[in-house]
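Q: Can you keep this structure in mind? I'll have questions shortly.
The values are calculated or read from the model by the stated rules, or taken from the named source; none is laboratory data. What you see is a predicted model, and the numbers here were worked out from it, not measured in a lab. Cβ placement follows ideal geometry from the backbone for every residue including glycine, while neighbour counts extend to all protein chains displayed. Areas reflect the complete protein model, heavy atoms only, side chains present, ligands, DNA and RNA absent. Shrake-Rupley method; radii C 1.70, N 1.55, O 1.52, S 1.80 Å.
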Amino acid sequence: MRDLVLLGAGGHARVLLALMRAAGYSVLGVCDPHLASSGASRWEGLDVLGDDAALLDRLGPERVALVLGIGQLSTGSLRERLYDLWRGRGYAFPALVHPAAWIAGDALLSDGVQVMAGAIIQPGCAIGENSTINTRASIDHDCHIAAHVHVAPGATLCGSIHVDEGAFIGAGSVLVQGVRVGERAVVGAGTTLVRDLGPRQIIIGGAPRIRAKPAAES
């Protein structure tokens, strides 16, 4: 694998850096506009390479691969937009798996997938590109997770669940066998989902609510 460059320097980036160090990946440095504008030269033991323009100036896609350190919120699509932007410029985003995660041998992980410590992905599962399976999340057999999905810490997905593109599964939520979560829908933290949730719907502990208009994007 080529050297990795981390994009972003927030909390999600720190977790990813810990993952990469635990897994023995070679991390060349971090690109972050705020660090660059502050004049910082080091962050968490990494060289600050500059803002995102530093990639285009000095570190082409033939030399480095990228790790997207921008977390995903239940509203907003900055992470998705950055992924598409840099993929369009030819950069690769390898799938990353913490050594303390467990992944079945036949599970499929697409480009840019991030699997954090303690996560479990069982047989027959497929995880779409740029999706995050966060700390101690559990994905049971034959689940299909589309692109740009965030499964937050401690969420439990029982078997044969479909989660469509851009959906957000909140921390500690439980999705029962066979349900479907629609595109850009949100399952709130601690919620038990027992029936399908339509596109862009939100459920927080009780009946789903439909937004009258899309949430403001970050």
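Q: Please give the contour-minus-distance gain from Ile204 to Ala126: 0.36 nm per residue of separation, less the Cα-Cα distance, rounded to one decimal in nm.
A: Roughly 25.5 nm would be gained on extension.
Q: Please give the calculated 222 nm ellipticity per residue for the chain, where each DSSP H segment of at least 4 residues contributes -39500 (n - 2.57) and the sum is spread over every residue; nearest 500 deg cm²/dmol?
A: -4500 deg cm²/dmol
Q: Another one. Treating only the Cα positions of region 36-155 as identical point scatterers, give the base-10 log of I(q)/I(0) from the Debye formula at each q in 0.13, 0.23 Å⁻¹.
A: Those come out to -0.58, -1.30, one per q.
Q: Let me ask something else. Work out, step by step, the length gained on full extension between Glu183 and Asp3: first 0.36 nm times the residue separation, then minus their alpha carbon distance; give nm to one decimal. Let's see the in-between values first.
A: Values: separation 180, 0.36 × 180 = 64.80 nm, distance 3.36 nm.
Result for the pair: 61.4 nm of gain on full extension.
Q: On the protein heavy atoms, probe 1.4 angstrom, tell me the percent of accessible surface of the chain carried by carbon and sulfur.
A: That share works out to 51 percent.
Q: Could you give the accessible area per residue of region 140-211, probe 1.4 Å, as a whole number in Å²?
A: 42
Q: Solvent-accessible area per residue for region 1-73 at a 1.4 Å probe radius, Å²?
A: 47
Q: Using a Förster distance of 22 angstrom, determine the FRET efficiency expected from the C-beta separation of His141 and Asp111, and round it to 0.05.
A: Working: r = 23 Å, r/R0 = 1.05.
Here the calculated transfer efficiency is 0.45.
Q: In whole Hz, with x marking every Gly and Pro, tabulate ³J(HN,Hα) for region 136-142 from phi via Karplus 6.51 cos²θ - 1.76 cosθ + 1.60, θ = phi - 60°.
A: 6, 6, 10, 10, 8, 4, 6
Q: Relative contact order for region 56-160 using alpha-carbon pairs under 8 Å, separation at least 6, rounded to a whole percent?
A: Relative contact order of region 56-160: 18 percent.
Q: What spacing in nm lies between the two simple spin-label points modelled at Ala92 and Arg14, each 7 Å away from Cα in the Cβ direction?
A: About 3.1 nm, to one decimal.
Q: If one computes the Cα centroid of region 54-87 and of region 18-52, what distance in Å separates the two points?
A: Here the answer is 14 Å between Cα centres.
Q: Okay, moving on. Once the Cα atoms of helix 11-23 and of the chain are each reduced to a long axis, what angle between those two axes, in degrees from 0 to 90 to the nearest 10, is obtained?
A: 80
Q: So what is the relative contact order for the chain, in percent, with contacts set as C-alpha pairs under 8 Å and at least six apart?
A: 12
Q: About the Cα centre of the chain, what is the dipole size in debye to 20, counting +1 per Lys and Arg Cβ and -1 per Asp and Glu Cβ, all else neutral?
A: Approximately 460 debye in magnitude.
Q: Which angle between 0 and 90 degrees, to the nearest 10, do you get for helix 78-88 versus the longest principal axis of the chain when only C-alpha atoms count?
A: 60
Q: Follow-up. For the chain, what ratio Rg/Rh do Cα atoms give with a Kirkwood hydrodynamic radius?
A: Here the Rg-to-Rh quotient is 0.98.
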